[in-house]
Amino acid sequence: MDISVIIPLYNEEESLPELCEWIGRVAEANQFSYEVILVDDGSTDNSWNVITQMSSRNGNIRGIKFQRNYGKSAALNEGFRAARGDVVITMDADLQDSPDEIPELFRMIKQEGYDLVSGWKKKRYDNTFTKNIPSRFFNWVTRRVSKIRLHDFNCGLKAYKNKVIKSIEVYGEMHRYIPVIAKWAGFKNIGEKVVEHRPRKYGDSKFGWERFINGFLDLMSITFVGKFSKRPMHFFGLWGTLFFLAGLGISAYLLISKIIDSSFTITNRIGFYLALTTLIVGVQLFLTGFISELIVRNAPGRNNYLIETKTGF
């Protein structure tokens with residue numbers, strides 16, 4: 001199969017028929033074998049009935065329904081598990097992503113050899129103050145932290161090699177950082193394509209301001225997990241040692257000062273409390289690293305590594 005199109009959705013009954021017909025027209029015009037995987041994230045409207053009706057009429061349309069709302073990351077993860085296409089396309093269900101972008105995204109994966117191609121909505125139709133400005137700041141921070149040169153990490157329109165989506169796991173609200181997750185999994189050939197951003201035709205946005213706060217927390221989490229998930233002692237142990245040595249240095253200074261000047265009162269000095277605090281923090285960080293190391297070494301996935309290829313087996 002050439003293409004799998006994964007569409008997570010929540011209360012999008014009005015847009016689904018138009019979107020699926022549009023995808024079908026694009027696939028037929030380019031002679032793609034394809035499937036559309038609609039993941040209903042616990043919709044409370046008539047979305048699932050629309051999906052079942054479309055699936056009964058068109059064998060290329062498949063549906064997955066969650067019992068309750070789990071979030072976009074969970075929907076994408078289930079879609080990734082079910083996808084069979086050589087190239088996997090993700091897009092939102094609100095018709096703001098154009099299926100006409102699919103052929104070029106497919107070409108960039110198959111012919112130019114990208115592992116992942118992320119859309120860039122260069123011209124947006126969202127509110128400037130509530131979405132555009134915060135989104136630009138969010139993307140700037142993510143670029144600086146991840147060292148991935150993308151303008152729009154959170155664009156729902158992306159294309160992947162099948163191997164990429166089978167090698168990563170998306171949970172929580174990590175869908176914003178799929179390029180970062182893919183990079184830490186060893187897929188570093190990440191490209192970008194300017195895509196059309198269309199005005200919303202039906203319904204309202206399902207995301208509020210809290211996504212930016214959650215986004216930064218998730219960025220810190222994925223950065224730490226990507227670097228230190230297999231070796232937590234290298235992080236906690238390093239900082240624990242530095243704090244402990246700083247505490248020892250301050251303590252040594254106080255003791256030497258007391259020996260030189262017998263009238264010097266240690267407990268009345270701010271350095272005494274600073275030394276005590278840094279020693280305690282250092283020990284706690286070191287113990288945290290030690291306990292984390294024990295957990296990692298006994299975890300079932302402690303020796304699971306992604307292998308690109310084998311020969312002679």
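So here's what we get for this one:
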| item | result |
| --- | --- |
| Val180 being modelled with pLDDT of 75 or more, surrounded by fewer than 18 Cβ atoms within 10 Å (Cβ to Cβ), more than 21 Å from Gly85 (Cα to Cα) and among the hydrophobic types (A, V, I, L, M, F, W, C) | no |
| Residues being at pLDDT below 95 and of a type in the set (A, V, I, L, M) - total across the stretch 94-127 | 1 |
| Test: residue in the stretch 63-70 that is out of contact with any Pro (no Cβ under 7 Å at 6 or more places or on another chain) and either part of a helix (DSSP H, G or I) or buried (at least 23 other Cβ atoms within 10 Å of the Cβ) (or both) | no |
| Criterion (assigned to a helix (DSSP H, G or I), crowded, with 23+ Cβ neighbours inside 10 Å and either within 21 Å of the chain's Cα centre (by Cα) or not polar (S, T, N, Q) (or both)) met by exactly one of Ala93, Ala75 | Ala75 |
| Hey, Glu101 in contact (Cβ under 8 Å) with a residue 60 or more places away in the chain, acidic (Asp, Glu) and surrounded by fewer than 19 Cβ atoms within 10 Å (Cβ to Cβ) or not | no |
| Residue among Ile295, Ile260, Ile291 that alone is surrounded by fewer than 14 Cβ atoms within 10 Å (Cβ to Cβ), among the hydrophobic types (A, V, I, L, M, F, W, C) and farther than 23 Å from Phe224 by Cα | Ile260 |
| Set Thr288, Thr278: member being under 30 Å from Ala182 (Cα atoms), at pLDDT 90 or above and in a helix (DSSP H, G or I) | Thr288 |
| Residue ID - surrounded by the most Cβ atoms within 10 Å (Cβ to Cβ), chosen from residues in the stretch 139-177 that are aromatic (Phe, Trp, Tyr) and either not assigned by TED's automatic domain parsing to the domain that holds Glu101 or not in a loop (DSSP other than H, G, I, E, B) (or both) | Tyr160 |
| Looking only at the stretch 4-33, and only at residues there that are surrounded by 24 or more Cβ atoms within 10 Å (Cβ to Cβ) and not hydrophobic (A, V, I, L, M, F, W, C), the one that is farthest from the chain's Cα centre (by Cα) | Glu12 |
| Residue that is nearest to Ser4 (Cα to Cα) [pool: residues in the stretch 28-62 that are out of contact with any strand residue (DSSP E or B) (no Cβ under 7 Å at 6 or more places or on another chain) and of a type in the set (Asp, Glu)] | Glu28 |
| Test: residue in the stretch 241-257 that is touching a Lys or Arg at 6+ places or on another chain (Cβ under 9 Å), at pLDDT 80 or above and either closer than 30 Å to Gly186 by Cβ or not assigned by TED's automatic domain parsing to the domain that holds Lys166 (or both) | yes |
| Selection from the stretch 187-202 of residues that are at pLDDT 90 or above and either outside the structural domain of Lys121 (by TED's automatic domain parsing) or not acidic (Asp, Glu) (or both) | Phe187, Lys188, Asn189, Ile190, Gly191, Lys193, Val194, Val195 |
| So Gly59, is it without any contact (Cβ under 8 Å) to a residue 24 or more places away in the chain, more than 23 Å from His197 (Cα to Cα) and either charged (D, E, K, R) or part of a loop (DSSP other than H, G, I, E, B) (or both) | yes |
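The values are calculated or read from the model by the stated rules, or taken from the named source; none is laboratory data. Quick caveat, the model's predicted, so the values are computed rather than measured. Glycine gets a Cβ as well: all are built from the backbone with ideal geometry, and neighbour counts include every protein chain shown.
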